[in-house]
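Chemist: Please see the structure below; I have some questions.
The values are calculated or read from the model by the stated rules, or taken from the named source; none is laboratory data. Small disclaimer: the values here were computed from a predicted structure and weren't measured. For neighbour counting, all protein chains shown are included, and Cβ atoms are generated from backbone atoms with ideal geometry for every residue, glycine included.
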Amino acid sequence: MSRLEKLVLATNNPDKMKEMKAVFSIRGLIVLGLDNFPEVGEIEETGATLLENSFLKAHAVHIITGLPAIADDTGLEVDALNGAPGVFSARYAGEKATYDDNVNKLLLDMRSVADDSRTARFRTVSSFTDGIRELWTEGIIEGEITREAIGAGGFGFDPVFKLLQNGKTFAEMTETEKNKISHRGIALRKMQELLKNTFKE
């Protein structure tokens, strides 16, 4: 079986790119970002699920670059909101929403929800394609939505997502701490193992 030599991380989000590069590493593999391929541009996420959106991005990047690609899609699933924002997490407050816009809308939508009913989870689906093989993995972490933003780190909904396992929001953790236990970290480490096995010489 052929050896994997180059791989493109299919995201234009610099925060996600930083996390992905920090977690994903295979010896002898050159990992490239989309900053090396400006011709890719923005990829419209039209899928109905995280898996569909993840593969949509991976396929688009592979077709344009000719290289194997990994993509992911992440959703925050809040039980009191029937799983919302889910696949619409990045644009919860609108197509051009900022991180703060999305957080503020979530806190507003959750303002009347009791403390014991604020459970939620982050779910990441990571996908890979090289035009022949298609692989995917999933990472999930359970938590709850706080009543205000806590912590200065992270991005997205990190300041309002408190983990059940340690009582901290992602925004209160260092990058290293977050990457060890996060939904994206879990999904990418699973993908890393799949690729090591799939492309074993």
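Chemist: So Thr137 passes all but one of these: (1) touching a residue at least 60 places away in the same chain (Cβ under 8 Å); (2) surrounded by 16 or more Cβ atoms within 10 Å (Cβ to Cβ); (3) closer than 30 Å to Ile63 by Cβ. Which condition number does it fail?
Modeler: (1)
Chemist: Write out, first by first residue and then by second, each pair whose Cβ atoms fall under 9 Å of each other, whose residues are 6+ apart or on separate chains, and whose first residue, in the range 87-110, is closer than 19 Å to Arg147 by Cβ and at pLDDT 95 or above while the second is assigned to a loop (DSSP other than H, G, I, E, B) and of a type in the set (S, T, N, Q).
Modeler: Leu107/Thr146
Chemist: Sticking with this structure for a sec: So, in the range 156-178, how many residues would count as being surrounded by 19 or more Cβ atoms within 10 Å (Cβ to Cβ), under 16 Å from the mean Cα position of the chain (by Cα) and not small (Gly, Ala, Ser)?
Modeler: The qualifying residues number 6.
Chemist: Would you confirm whether any residue within the range 70-80 is in contact with a Leu (Cβ under 9 Å, 6 or more places away or on another chain), within 25 Å of Thr119 (Cα to Cα) and of a type in the set (A, V, I, L, M)? Reasoning before the result, please.
Modeler: Kept after step one, since they are in contact with a Leu (Cβ under 9 Å, 6 or more places away or on another chain), are these residues of the range 70-80: 70-76, 78.
Subset that is within 25 Å of Thr119 (Cα to Cα): 72-76, 78.
Within this subset, residues satisfying the condition of being of a type in the set (A, V, I, L, M) are 76, 78.
Yes; the residues of the range 70-80 include at least one that is in contact with a Leu (Cβ under 9 Å, 6 or more places away or on another chain), within 25 Å of Thr119 (Cα to Cα) and of a type in the set (A, V, I, L, M).
Chemist: Only one of Gly139, Gly156 is of a type outside the set (A, V, I, L, M, F, W, C) and on the phi > 0 side of the Ramachandran plot. Can you tell me which?
Modeler: After applying the criteria, what remains is Gly156.
Chemist: Check Phe122, Phe128 and return the single one that is touching a Pro at 6+ places or on another chain (Cβ under 8 Å) and not in a helix (DSSP H, G or I).
Modeler: From the options Phe122, Phe128, the qualifying one is Phe128.
Chemist: Then there is this: In the range 157-187, which residues are touching a strand residue (DSSP E or B) at 6+ places or on another chain (Cβ under 8 Å), part of a helix (DSSP H, G or I) and farther than 14 Å from Glu19 by Cα?
Modeler: Pro159, Val160
Chemist: List the number of the failed condition for Lys190; all other conditions in (1) touching a Ser or Thr at 6+ places or on another chain (Cβ under 6 Å); (2) within 19 Å of Glu77 (Cα to Cα); (3) surrounded by fewer than 18 Cβ atoms within 10 Å (Cβ to Cβ) hold.
Modeler: (2)
Chemist: His183 fails exactly one of the following numbered conditions: (1) at pLDDT 95 or above; (2) more than 13 Å from the chain's Cα centre (by Cα). What is the number of that condition?
Modeler: Failed condition: (2).
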